[in-house]
1. Identify, from the list 276, 291, the residue that is closer than 21 Å to residue 147 by Cβ, open to solvent by less than 20 Å² (accessible area, probe 1.4 Å) and within 16 Å of the ligand (Cβ to nearest atom).
2. What number of residues within segment 298-323 are within 13 Å of residue 24 (Cβ to Cβ) and at pLDDT below 90?
3. Taking segment 7-43 on its own, how many of its residues are within 9 Å of the ligand (Cβ to nearest atom), in a helix (DSSP H, G or I) and open to solvent by 20 Å² or more (accessible area, probe 1.4 Å)?
4. Restricting segment 340-351 to residues that are open to solvent by 50 Å² or more (accessible area, probe 1.4 Å) and within 13 Å of the ligand (Cβ to nearest atom), which is farthest from residue 525 (Cα to Cα)?
5. Checking residue 311 against (1) within 12 Å of the ligand (Cβ to nearest atom); (2) open to solvent by less than 20 Å² (accessible area, probe 1.4 Å); (3) outside the structural domain of residue 24 (by TED's automatic domain parsing), which test does it fail?
6. How many residues does segment 203-242 contain that are within 16 Å of the ligand (Cβ to nearest atom), of a type in the set (D, E, K, R) and surrounded by fewer than 23 Cβ atoms within 10 Å (Cβ to Cβ)?
7. Limited to segment 83-116, what total is found for residues that are among the aliphatic types (A, V, I, L, M) and either touching a Pro at 6+ places or on another chain (Cβ under 9 Å) or open to solvent by 30 Å² or more (accessible area, probe 1.4 Å) (or both)?
Amino acid sequence: MRTPVSITTPIYYVNDRPHIGHAYTTTLCDVWARSQRLDGRDVFFLTGTDEHGAKVEKSARERGISPQALADENSEEFRKVMALFGLSNDDFIRTTEERHESQVKLFVQRLLASGDVYLGEFEGWYDEGQEEYVTDTRAKELDYKSPISGKPLVRAKEHNYYFRLSAYASKLEKFFDAQPAFVRPLGRFNEVRGRLREGLMDVPITRTNFSWGIGMPGAPEHVIYVWIDALFNYTTALGLADPKGTTASLRGKYWPPVYQVIGKEILWFHAVVWPAMLMALELPMPQCVYAHSFWISNGQKMSKSLGNFIDLPTIEEYFAKYGLDAWRWYMTTQGPIGTQDADFSPKHFHEIYTSQLVNTFANCASRTSSMIEKYFAGVMPDAETASMPSSSSAQAPSWSELAGTTAVEVQRRYANFELAEAADCALSLIRAVDVLINETQPFKLAKDPAKLPEVARILGACAEGVRVAAVLLSPIMPAKCAEVLTALGSPIEGEFATGGLVNAARWGRLTAGTRILKCAPFMRVDAPTA
Ligand code: MSP
């Protein structure tokens, strides 16, 4: 029995409107979750909204509504976005839900009892926008300005409850040394590892300057700091504060997550504070915190003040013009998954769409299905496809070998969160089919009736190649791949759906006599004017 797996996104602030950043992280997680489900695994994919804190309280006051009303409204907007993007999350947690609040209190009580949380006084440099203290060294490095908003850091003093992060410094260092893939990509790992050497300060986990949050058990004038409250979502959704409860009995198996996917700006909380809290609670560590970089817009950081966020209405224009799956393809293959930011440009989007989806994927599916329609009345020809060489070279692997190694490689890349590589590897099968068509020219051979058996072998291999590629690409483009697979008489259901990705992609499953319909999953569209 293979172990259940899980993946999480950050929970998004309800004082923001959904934009490309939220869509990006959630789409990556969705691709991974779908790939693992297709591979026959039991998957839990979690996302949700972060609803407490001074910023939400302030925005609500400005609008003259209650913080809860604001949270309800905007959380609903995020939920709708998930549906719009075809995201397959298994739960959507909100930090204002009772199931979350009650468990956060239980966790904090446990930390109080173990001495990991204590009441103390603190004075330090505070980033108001981020609601976060920074160390004196870091404040100096930052020239006493917020790295996010650019506004000056302020000197603040508070009576607060603290989490004894300092006590976990050497344990964390040892953990990092033993788990070099705990933070990915490697550049981000090195960044955190370097900062750990500077030592750790205890972190305040409560505030008294606002009230929109979860009250500290036994001291309700203290409100649990929004970040601490939010991090717990990963465990409250699984019911872990109450190990004997119903939720934990059903979902406890999903802890720890395989990937906690986040943006680079919230790495410290996820790679240092959160692991230390888990150590204090004696809960197993996530396998990997994956911190991607940022989408930028025409070379500039996206920001509210510049008004250059790729927001929901803009994204909807892309859906209308190119379709949801083309959007998902662009997110997955061209995004800032590494340590570099990625520029979102309409021109680049259009180029990728045209070259990879229209000219490669769709063109190959369309050429193949039209020729089968034309020469074999739309019926999969009886072809010994397994022995068909992939090119004229005698050393070339057989098609079944090529498809088999490709499927194994694609599966490995998906599992390893190398999603762009998985996409490229799957598309390489389409490129191989194109080479076969170009080299053998079945449309010319078909003019000679004596050569029809050869045409049958070629087109049989082409159709099977397209089918295998569509299976492998379906986590990224679920609707379009389903369309192609249905046209090829092989939807992923029944026996195709059991036995994992490699089995569904096994060469030769598309049998002679199957009705093949013409298909053209992506159409050419006009280039953007700007
Ligand atoms: N609520 C916190 C997270 C708490 S998790 C316990 C938060 N929320 S947020 O709404 O600001 O969302 C931040 C996340 O949105 C980033 O970590 C990243 O996943 C995504 N992005 C926001 N802007 C982005 C880009 N410009 N590009 C890519 N993703 C970015 O922080």
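The values are calculated or read from the model by the stated rules, or taken from the named source; none is laboratory data. Everything quoted here is computed from the prediction, not taken from an experiment. Positions of Cβ are generated from backbone atoms using ideal geometry, with glycine treated the same way; all protein chains shown enter the neighbour counts. Remember, those area values only see protein heavy atoms, side chains included, never the ligands or the DNA or RNA. Shrake-Rupley method; radii C 1.70, N 1.55, O 1.52, S 1.80 Å.
1. 291
2. Qualifying residue count for the region: 2.
3. Matching residues across segment 7-43 total 2.
4. So the first thing to find is which residues in segment 340-351 are open to solvent by 50 Å² or more (accessible area, probe 1.4 Å), and the list is 340-341, 343, 347-348, 351.
If we keep only those that are within 13 Å of the ligand (Cβ to nearest atom) too, we end up with 340-341, 343.
Working: 340: 30, 341: 27, 343: 22 Å.
Going through the qualifying residues, I end up with 340.
5. Unmet for residue 311, out of (1) within 12 Å of the ligand (Cβ to nearest atom); (2) open to solvent by less than 20 Å² (accessible area, probe 1.4 Å); (3) outside the structural domain of residue 24 (by TED's automatic domain parsing): (2).
6. Residues meeting the conditions: 1.
7. If we filter segment 83-116 for residues that are among the aliphatic types (A, V, I, L, M), which is where we start, we get 83-84, 87, 93, 104, 106, 108, 111-113.
Those left that are additionally either touching a Pro at 6+ places or on another chain (Cβ under 9 Å) or open to solvent by 30 Å² or more (accessible area, probe 1.4 Å) (or both): 83-84, 106, 108, 112-113.
Total meeting the criteria: 6.
Here is a yes/no grid of residues against (1) under 20 Å from residue 434 (Cβ atoms); (2) acidic (Asp, Glu); (3) within 30 Å of the chain's Cα centre (by Cα); (4) at pLDDT 95 or above:
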position	(1), (2), (3), (4)
325	no, yes, yes, yes
331	no, no, yes, yes
338	no, no, yes, yes
351	yes, yes, yes, yes
367	yes, no, no, yes
372	yes, no, no, yes
